[in-house]
Every structure is written in C-alpha cells, then in structure tokens.
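Scroll down for the structure; my scribbles are underneath it.
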Amino acid sequence: MVVTLRLPSLTSLFSPSISGRYPAILRWRHQLRPRPFAARFSAQSTASETTNRVDNTQKTRGQDRAVTPRSKDFNTWYLDVIESAELADYGPVRGTMVIRPYGYAIWEAIQDYLNVKFKETGHSNMYFPQFIPYSFIEKEASHVEGFSPELALVTIGGGKELEEKLVVRPTSETIVNHMFTQWIHSYRDLPLMINQWANVTRWEMRTKPFVRTLEFLWQEGHTAHATPEEAEKEAIQMIEVYTKFAYEQTAIPVIAGRKSKVETFAGADRTYTIEAMMGDRKALQAGTSHNLGQNFSRAFGTQFTDENGQREHVWQTSWAISTRFVGGIIMTHGDDAGLMLPPRIAPIQVVIVPIWKTDDDREGVLSAASSVKELLQTAGIKVKLDDSEQRTPGWKFNFWEMKGVPLRIEIGPRDVSSRSVVISRRDVPGKQGKVFGISMEPSILEAYVKDKLDEIQSSLLGRATSFRDSNIVDVTSYDELKVAISEGKWARGPWSASDADELKVKEETGATIRCFPFEQPQGIKTCLMTGNPAKEVAIFAKSY
C-alpha cells in the first residue's frame, strides 16, 4: 500500500517570504559543503622515520584548514566537522539526514551500553507501530496541545482518503497505553517495563543535524506500576542511568535535575533531565525521564485490580535518549582539527598508520603493523590498520584526527628494526602528544595503549568539567542573571517565582530554566526575581 503524506510543497518551504524567518534552514546545505571533501586534507603531508619524523598536522592545517575555527563560527564549525568526519549527510527532504556508517557506529556504541543497562534494570525490548490514530493523541489534552505543531499526519492511503488521519510517531505514550490497557488486568501483571529503539518524526522548523531534525532515532522506555512511589523510583533510576552514561562513557559532565512546570513534558507530572554545556556554552537537553502519574492511564482507562480487589489506574513513566547525544559529543569535545571522541564511545580507538618509502621496506612494515593490530584486537581494543596506498601518511594523520580517533600508532622501517612504535594522542596536539620508542613487546604495548586510552577518557571529562564550571555564574538578582546570560554563560540562582515570571525571563533574555539541580546548596535562599523565600536554585541558560 502506498501512503501519501499531505504536506506543504518544497516550493512553499523555500519561498523568499520565510527566508528571513528561518535562515538556519536555508543555509544548512550550503554550510555543510563549503569546499569539496577531497580538498580538506593536504596530500603533500609526509612523515620521516622515528626521531627525524615530524608531525606535519599544524603545517597542513595552515595550508588548507580542515574546518572553520570554532571561535570564528561555531555553527559552521559543527557542520564542517559532520561532513569532514563523515558522520552524516542530507536527505532529499528538507530537515532530514542520512546517518553515515561512522556516525551510526557512534549511535551503536550508545545502544550497546544502554541496552545492557536497561536489561539489568528489568526492562525488555519490543516495538510499536509507527502510525498512530489521531484520536489517540487527542485523548490526553495537554499532550495534544504540546505536540500539535510538530505532528506529521497521513491523510491518504492506497489512493483513498483515510477515515481517520494517522500521526507519524512523535512519541509513543498514547499507543503504548492503548496496548497496556489490553495487557494489564491484575496487580500480578505489574510492573510492566519495556523499551523500544525506533525512529520519531517531529515537524521541526529550525533544524540542525543530530540536534534537531524532522526524523531522528531514539530509545523510549515505558513502564507501568501499581503505586506512585514505584513510578517515582523508576523515573529517578532512569535519569541516574543516563547521568552515569554521560559521565562514564561520553565524558560529558551533565547536570541532572528536575524541569520547571513550564518545561515539563506535555502529559507528565514531573520531568527529570540531564543538561550538558556545549562548546558555545549553550545548553543541550541530553536525556529526559518523565513521571507521568496517572494522566495517560486515566485518559486510556489503563487499570488493574489490586490485592484488595479494587480497580485502580496504573502509575507510569517514560524516558528517552536520542541521536542528539551524538551532536552533544561533537559540540562538547571537538576542536579546530575536527571530531574528538572519548575512547569508550569511539568506533575506532586506535588507528595504525604504516610508513615506508621503498618496496623493500613495505613488507616488513606491513607485517609489523598487522602484528600490532592483532595484538590490540585480541586485547579487546577497537583498532584499524590503514594500509591503503592511495594516500600519504600525512594525509592519513589528518584524516583520522578529523574523525576523532583517540590514539594513532605510526610504524616505519626504523621502528621495525628497533621493535618499537610511535604513539600520538588526539587530545594533545602536536609534538606534546607524541611519544617515540614504545616497545612492541606485547605486554608492554598492550598496557601502554590501555593506560593512555583511560588517560584520554579522564582528560576529556576533566576538561569539559572545568569548562562547564568556569561558565556557570551564581546570581542573586534578575539584573545579575541578565548580565550572565548576555555574556553567554549559565546563571544559577534561587528561584520560587511564578510561571509568568519564568516566561518573562525567556522573553527578555532568551534563556530558560534548564533544571532545578538535584545537588542543591544548603542555607537560606531568597528568590532572585521576587525576593521571597526560595527552597531551590535553578539554572538558566540559552539552549538548543
């Protein structure tokens, strides 16, 4: 059956009348391809042997800079990195993207870690249909109000007008509840805890690859419980899973906390979030966990018979992380040389670049390089041997640096003779990050590589934490908040003001309450806006 989406024409989407309103949309494709990919890396870069070997990375970048400097134009830098590191490209529909193998491998690393954690905490994977009856969305009032502007609707199927229009999945709380109602009858059926890995469609008007696209990939967990206490415990547990993942796997020092009422998910009682500071100091909502209370179960009649024979509505949660986390990794750790990946999330942790000048040297160098590759793979390290002969070693150095590979091993004829290698760290540029004469003896090389990967992981987290902390300003008044936001920083201060006051801050500064952090300072607090007593501090920031 052919299903047709009734959507605005491409001509209307790109008409001059909206070009001023949505400049990011119209510039996206042009920014991603400022120069042909082949011109990004100089083929003239060369490398000599061991102590005479010079890292030409800085020289090459001076001749043909791989990406726009972050400090010059952060958005263009971000798009340059996505293209040059071969993470994604544009789909034929405005606002969509094709995730290329290297970008998808990062997503797979995210999936691999979280799948284990979800199953350890009692959840099972399953899958729900992509098409949802529009009547389902209408059942929960705040939910339909919150999502209506972003919905993609199917109105024609098989050449005929549908009796009921269908929503292309924006999230699955409604269809999940429809099915839960059929599966849950007794307290013995609870808790019911599932997760699905799926795609989602939200008709965004301002798009940015990985961060905000019409279609994206995510996981969404959904649970049903017999008591509100169990649901709250689940919602907190899952935001803690996300927090640990962010710190330990992606080296992103997120701040976990509760969303304000204004920023709470449509249909939830409470929303918990992890907020990450990007390299331009904007906030990225990197993951959320919602305590849905009984809002959806009442709308859909999802009930169970408790131990006393009474009929009760279930208490629910939902929680999600998406491919926007890939964008967060890029914007947290990347530099002017390109992507910089934490080792635990990197598809390739070590790249081996063999170097030879003559055919006589070639066999011995490649044999040694293959032995090193086998050694590291056996040790559980993700390694690639770049033995292609179409590019020079210097070009390869720049290429794998652009792709953010944490460690590079260089092996030439003299290294073969001395049974040693040269190792360079991606997070320490130039000669400072290069070490000569590391023995090829298996136990020594394996231990050295593992140690350096751990060092890089810790270094990236430490660097990101220092950057975050140095850009959060404690404020005690609205004037101080406005100054902090105008300087591009996050403002942290006591807050007990109204929703209207919160919207005023957004309108006047462009900043929103990112969260009320779980970690709160002790002592008496006075609201920065009203002067009234406040129980908590909130963090304000501009965001993606």
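The values are calculated or read from the model by the stated rules, or taken from the named source; none is laboratory data. The shown structure was predicted, so the numbers you read here are calculated from the model rather than taken from an experiment. Please note: Cβ atoms are built from the backbone with ideal geometry, for glycine as well, and neighbour counts cover all protein chains shown. With ligands, DNA and RNA removed, areas are computed over all heavy atoms of the protein, side chains included. Shrake-Rupley method; radii C 1.70, N 1.55, O 1.52, S 1.80 Å.
In whole angstrom, note down how far apart the Cα centers of segment 209-247 and segment 411-489 are.
30
Give me the net charge for the shell around Ala105: Cβ to Cβ below 14 angstrom, other residues only, Lys and Arg +1, Asp and Glu -1.
Surrounding charge for Ala105 is +2.
Roughly how many percent of the accessible protein surface of the chain is carbon and sulfur, given a 1.4 Å probe and a whole-percent answer? Intermediate results must be reported in sequence, preceding the final value.
On the way: 11850 of 23570 Å².
The value for the chain is 50 percent carbon and sulfur by accessible area.
Which of rounded, prolate, oblate describes segment 74-333, given a ≥ b ≥ c as roots of the alpha-carbon gyration tensor eigenvalues and a/c under 1.5 marking rounded, otherwise prolate only if a/b is larger than b/c?
Taking the square roots of the gyration eigenvalues as a ≥ b ≥ c, segment 74-333 is oblate.
If you work out volume of the Cα convex hull per residue in Å³ from the coordinates, which of (i) 219; (ii) 270; (iii) 186 do you get?
Matching entry in (i) 219; (ii) 270; (iii) 186: (iii).
Using unit Cβ charges (K, R positive; D, E negative) and no other charged atoms, how large, in debye to the nearest 20, is the dipole of segment 461-544 about its Cα centre?
Charge dipole of segment 461-544: 260 debye, to the nearest 20.
Pairs of Cα atoms under 8 Å, at least six residues apart: use those to get the relative contact order of segment 350-453, whole percent.
For segment 350-453, the relative contact order is 29 percent.
Let's test the formula: R0 of 41 Å, r as the Cβ-Cβ distance of Glu164 and Glu312. What FRET efficiency results, to the nearest 0.05?
After rounding to 0.05, the efficiency reads 0.85.
Before anything else, pin down the relative contact order of the chain: Cα pairs under 8 Å, at least 6 apart, normalised by residue count, whole percent.
15
Can you find, among Ala246, Val262, Gln285, the residue farthest towards the positive end of the dipole of segment 245-296? Put +1 on the C-beta of Lys and Arg, -1 on that of Asp and Glu.
The residue sitting farthest along the positive end of the dipole is Val262.
Helix 173-183: angle to the longest alpha-carbon principal axis of the chain, degrees 0 to 90, nearest 10?
Around 70 degrees separate the two axes.
Counting Lys and Arg as +1 and Asp and Glu as -1, each charge on the Cβ, what is the dipole of segment 74-333 about the Cα centre in debye, to the nearest 20?
Charge dipole of segment 74-333: 400 debye, to the nearest 20.
Residue farthest toward the positive end of the dipole of the chain, with Cβ of Lys/Arg at +1 and Asp/Glu at -1: which of Tyr187, Gln219, Ile156?
Value computed over the given set: Ile156.
Quote to one decimal, in nm, the extra length available between Asp280 and Asp387 on full extension: 0.36 nm per residue of separation minus the C-alpha distance between them.
34.8 nm
Step through the residues of segment 107-118 one at a time and calculate ³J(HN,Hα) from phi using the Karplus curve (6.51 cos²θ - 1.76 cosθ + 1.60, θ = phi - 60°), rounding each to whole Hz and writing x for Gly and Pro.
3J(HN,Hα) across segment 107-118, in whole Hz: 4, 4, 5, 5, 4, 4, 5, 5, 4, 4, 5, 5.
Would you list which lysines come within 22 Å of Lys160, measuring only between C-alpha atoms, while excluding same-chain residues fewer than 8 positions from it?
none
Return the sequence-ordered ³J(HN,Hα) values of segment 395-404 in whole Hz as given by the Karplus equation 6.51 cos²θ - 1.76 cosθ + 1.60 applied to θ = phi - 60°, using x for Gly and Pro.
Values per residue, Gly and Pro as x: 4, 5, 4, 5, 5, 6, 5, 4, 7, x Hz.
Can you flag which of Lys72/Lys434; Lys373/Lys452; Lys261/Lys506; Lys373/Lys431; Lys482/Lys535; Lys72/Lys489 are past 20 Å Cα-Cα?
Result: Lys72/Lys434; Lys373/Lys431; Lys482/Lys535 exceed 20 Å.
Taking square-rooted eigenvalues a ≥ b ≥ c of the alpha carbon gyration tensor, is segment 350-453 rounded, prolate or oblate, where a/c under 1.5 means rounded and, failing that, a/b exceeding b/c means prolate?
Because its axes are fairly even, with a/c under 1.5, segment 350-453 counts as rounded.
Please give the calculated 222 nm ellipticity per residue for the chain, where each DSSP H segment of at least 4 residues contributes -39500 (n - 2.57) and the sum is spread over every residue; nearest 500 deg cm²/dmol? List each step's numbers first, then the result.
Details: 17 runs with 197 residues, N = 544.
One gets -11000 deg cm²/dmol as the mean residue ellipticity at 222 nm.
Considering only the other residues whose Cβ falls under 12 Å of the Cβ of Thr223, what net charge follows from Lys and Arg at +1 and Asp and Glu at -1?
The answer is -4.
Taking only protein heavy atoms and a 1.4 Å probe, what accessible area per residue, in Å², does the chain have with all protein chains in place?
With the other protein chains kept in place, the chain gives 43 Å² per residue.
Taking 8 Å as the Cα distance limit and 6 or more residues as the minimum spacing, I'd like the relative contact order of segment 472-542 as a percentage.
40
Using a simple charge model, +1 on the beta-carbon of Lys and Arg, -1 on the beta-carbon of Asp and Glu, nothing else, what dipole does the chain show about its Cα centre, in debye to the nearest 20?
Value, rounded to 20: 1480 debye.
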